[in-house]
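**Q** Please find one structure pasted underneath; my questions will follow.
The values are calculated or read from the model by the stated rules, or taken from the named source; none is laboratory data. Computed from a predicted model, the values in this text were never measured in an experiment. FYI the Cβ positions are ideal-geometry reconstructions off the backbone, even for glycines, and counts take in every protein chain you see.
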Amino acid sequence: MIETAHTLDAKGLACPMPIVRTRKAIQGLSPGDVLEVLATDKGSTADIKAWATSSGHAYLGTEIEGNVLHHFLKKDSALIEVKEEIPVMDLESFVRKVEEDRSLTIVDVREEQEYQEEHIPDALHIPLSEIESRMHELNKSEDIYLICQTGRRSGIAGIQLAENGFKNLYNVVPGMTEWTKQTKKGN
């Protein structure tokens with residue numbers, strides 16, 4: 001087990017609350033301290049990894065104990081570069097786009113289990129943790145609409161894609177939490 005300076009209990013909280021609480025908790029630590037985050041939200045693994053990368057902290061790993069995820073982060077003292085976010089498209093505008101054009105490139109960045117439970121028909125599934133290794137599957141010249149549960153993970157995915165030359169990116173907010181149109185289960 002990793003020695004920690006502080007443990008944050010985020011069990012029972014859904015995205016984006018584990019990250020919100022993590023951000024606040026890590027501010028009170030000294031550089032080099034390790035924060036343990038206890039969470040039950042399955043999407044928190046990808047969220048924590050991506051947030052750590054984008055914020056300058058080190059993601060040390062996740063251990064699973066029953067249904068509780070134990071995420072470990074090490075606070076870094078390096079200067080943190082603030083990254084520009086990609087354009088946000090509200091859900092209502094996105095729904096109109098989908099109804100007008102069935103050939104949109106929609107990338108769902110949620111975890112496998114979330115995607116299998118329900119997703120937009122024809123959405124490409126690339127979990128946030130795989131964006132960097134699978135971005136070659138996307139066409140840089142196309143408009144790409146990124147969606148997750150609330151807009152947090154899709155925003156992080158958009159930043160990663162933008163840093164690799166993708167220009168026409170849109171983060172759909174609030175995402176699947178308020179999607180009321182047709183969905184598909186499984187693949």
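**Q** Say we look at region 15-33 and pick out the residues that are surrounded by fewer than 16 Cβ atoms within 10 Å (Cβ to Cβ) and over 26 Å from residue 147 (Cβ atoms); which of these is modelled with the lowest pLDDT?
**A** The extreme case among them is 32.
**Q** Within the bounds of region 66-75, is there any residue that is in contact with a helix residue (DSSP H, G or I) (Cβ under 9 Å, 6 or more places away or on another chain) and over 27 Å from residue 161 (Cα atoms)?
**A** Yes, region 66-75 contains a residue that is in contact with a helix residue (DSSP H, G or I) (Cβ under 9 Å, 6 or more places away or on another chain) and over 27 Å from residue 161 (Cα atoms).
**Q** May I ask you to say which residue of 142, 132 is farther than 21 Å from residue 55 by Cα, touching a residue at least 12 places away in the same chain (Cβ under 8 Å) and among the acidic types (Asp, Glu)?
**A** 142
**Q** Could you grab me the full set of residues in region 100-117 that are out of contact with any Gly (no Cβ under 7 Å at 6 or more places or on another chain), surrounded by fewer than 15 Cβ atoms within 10 Å (Cβ to Cβ) and in contact (Cβ under 8 Å) with a residue 12 or more places away in the chain?
**A** 102, 112, 113, 117
**Q** Scan 94, 166 and give me the residue that is outside the structural domain of residue 44 (by TED's automatic domain parsing), aromatic (Phe, Trp, Tyr), surrounded by 12 or more Cβ atoms within 10 Å (Cβ to Cβ) and touching a residue at least 40 places away in the same chain (Cβ under 8 Å).
**A** On inspection, the qualifying residue turns out to be 94.
**Q** Testing residue 156 on (1) buried (at least 19 other Cβ atoms within 10 Å of the Cβ); (2) modelled with pLDDT of 90 or more; (3) aliphatic (A, V, I, L, M), one condition comes back false. Which one is that?
**A** In the conditions (1) buried (at least 19 other Cβ atoms within 10 Å of the Cβ); (2) modelled with pLDDT of 90 or more; (3) aliphatic (A, V, I, L, M), residue 156 misses (2) alone.
**Q** Among (1) assigned to a strand (DSSP E or B); (2) exposed (fewer than 15 other Cβ atoms within 10 Å of the Cβ), where does residue 12 come up short?
**A** Going through the list (1) assigned to a strand (DSSP E or B); (2) exposed (fewer than 15 other Cβ atoms within 10 Å of the Cβ), residue 12 breaks only (1).
**Q** Taking residue 135 as the residue in question, decide whether it is crowded, with 17+ Cβ neighbours inside 10 Å, over 12 Å from the mean Cα position of the chain (by Cα) and within 18 Å of residue 41 (Cβ to Cβ).
**A** no
**Q** Out of (1) touching a Cys at 6+ places or on another chain (Cβ under 7 Å); (2) at pLDDT below 85, the odd one out for residue 102 is which?
**A** Status for residue 102: all satisfied but (1).
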